[in-house]
1. In nm, to one decimal, how far is the A:Thr328 label point from the A:Asp39 one, both placed 7 Å along Cα→Cβ?
2. Between 0 and 90 degrees, rounded to the nearest ten: what's the tilt of helix A:275-288 against the longest Cα principal axis of chain A?
3. On C-alpha positions alone, give me the angle between the axis of helix A:230-247 and the longest principal axis of chain A, in degrees, nearest 10.
4. If r is the Cβ-Cβ distance from B:Ile52 to A:Val107 and R0 is 41 Å, what FRET efficiency results, to the nearest 0.05?
5. Which of the lysines could be linked to A:Lys362 by a straight reach, that is with a Cα gap under 25 Å, when you skip same-chain ones fewer than 8 residues away?
6. Over what distance in Å are the Cα centres of segment B:180-242 and segment A:230-309 separated?
7. Counting Lys +1, Arg +1, Asp -1, Glu -1, what net charge surrounds A:Leu367 among other residues with beta carbon under 9 Å of its beta carbon?
8. Counting partner chain Cβ atoms within 10 Å of every residue's Cβ in B:103-109, what's the average?
Amino acid sequence: MSFYDEIINLQNIDTQASLKNTTTSKIASIIDKPKLRPDDFLALLSPAASDMIEQIAQQAYKVTLRHFGRCILIYTPMYLADYCVNYCVYCGFNASNDITRRKLSLVEVEMEAHEIAKTGLKHILILTGESRQHSSVSYIKDCVSILRKYFSSIATEIYPLSQDEYAELIAAGVDGLTIYQEVYDQKIYADIHPKGPKRDYKFRLEAPERAGQAGVRTINIGPLLGLANWQQEVFKAGIHAAYLQKKFPDVEVSVSLPRMRPQCGDYEPECPVSDSQLVQSLLALRLFLPRVGLTISTRESAELRDNLIPLAVTKMSAGSSTVVGGHTDSKDSVGQFDISDDRTVDQMRKVVAAHGYKPILKDWHDLT
Amino acid sequence: MDDKFKIGGKELDSRLFIGTGKFADYNQIPDVIKASKSQVVTVALRRVDFDIPEENMLEYLSSDVIMMPNTSGARNADEAIKIARIARAASGSNWVKIEVISDQKYLLPDNFETITAVEILAKEGFVVLPYMSPDLMAAKRMVDAGAAAIMPLGAPIGTNRGLKTKELVKVLIDEIDLPIIVDAGIGRPSEAAEAMEMGCAAVLVNTAIATADDPVLMAEAFGQAVECGRKAYLAGPGATADLAKASSPLTGFLRNE
């Protein structure tokens, strides 16, 4: 049994009918419930719930405050390499895009780490495209051994690995895994991943479980919003997070809801998601999973991010670059996508504090 | 009235311990400690950044409070032990609150792993205060392992739901010859007073103070509530009755015999 079996079961639920039939009085009763069921969570994604978004927000604010206090963890991504053998139609690193590819040498990794560490950050997320030739597990381990000198928590956002490979990375010092399914709808997944190893939907879907078995501390999952109906995608992501919480009770599970941003290439999202739909999704996730981490990246605008500080979010990136070597020298490289909020770590710390929240730079201590 | 609280070789006047995990601004913490009169403050090593003074919680604590590092983030005894050792080396304090949580959904402590950690750390000279689910047999094992106090939860961390485990905590107070300190769940000063009236030796509060609109005023309120509850316990509350005494006793007719 894996979450793949759950996904198959979820296909039998007529989510659209449920969403349509949800009433505001049903939403009012859900808001006050101490524990929500999956059908309650789905109802919070309905049009009726959008009419009551303020009441939902008030409750989500209280629940987040109780469980996380006035604290926002700040981290930054670091791109190690952009070589990729996949053909994801929405991605700037798509193998068919004629861009100059780059991979950081270990000396360059150290330079980037040094530059990022100057900002005071202790949590880093390292990224690569999918290329076992250019970004092998052993290369990533070598990078981690350098990064450990500078950071107390290292998470990866790379191609899906086997359980043994995850165990290797954990032993090397990785404590977190971020992997987005991109789209839970299997048909759309097949359409937008026409070639390459990423076509294997099930291998990607089960990656968090392999990492959990290997003993990772944190798992961050999510859909890439814009590729399919947002309510169905957010619903499946929430069920996926609940599944992981239950299966791996000692893992800190987080959900991100990245929205499509402009990137190299001409792909336009089929199902654009509005600000209010994004906020409704975050609030629904908070009430359904009170302890789940919720991440909002610099894909979103400064204005929206500022407004989200007291609203369910627990982690934010800052000082981001989606370019390989972007923290030191990025003159000739193309990013994976355009970021929207380009404020520095220092600026972001001040903004979070000005909202009455504590910017947290360190939330784990390397024990090895 | 001499009512010193003795623990780990120290004599304390205050029976309120403060947690530091959820404050919006570390600068509030000295004022919170002062207003509450607390003398024991717990700090998560995972949050202490030794590289940046303004992010180093230890810089905000005066030398007259006891710093009790906690092992937040530990998923098993081995991690808790490692964290405790690093914390002692960094802070110089040999107090440690053992927190082993292998359940991230409810944040309930793992009593089995906690017992193991208590045993090893007590042997290494730590003053060990284990956070635990209130279970008599587990508490006894922690006593045997060398704990300095037992810290049962009142309700899951961060819920502010009060003394949901009251009956089980009462059993610990009656049966365990160590200070019982309720940790987690206390949402209001009245609940802290209730725990103290029952005979708890102290309470530990974080969320209810840190997330109040005015944390310093709430800290003062908790300090006073703990004092009041303690005094009531020492005074020995009068017996209570569930029903008012009936003015016409049901057995009054027997007097006519």
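1. Once both label points are built, they end up 5.7 nm from each other.
2. Helix A:275-288 and the main axis of chain A meet at about 80 degrees.
3. 80
4. 0.95
5. Reachable lysines: A:Lys62, A:Lys118, A:Lys122, A:Lys141, A:Lys149, A:Lys315, A:Lys350, B:Lys22, B:Lys82, B:Lys97, B:Lys105.
6. A separation of 39 Å, based on Cα centres.
7. Within the 9 Å Cβ shell, the charges total -2.
8. Per residue, the average neighbour count from other chains is 5.
A short reminder: the numbers here are calculations on the coordinates, not readings from a lab. Everything quoted here is computed from the prediction, not taken from an experiment. In this analysis, Cβ positions are derived from the backbone assuming ideal geometry, glycine residues included, and neighbour counts consider all displayed protein chains.
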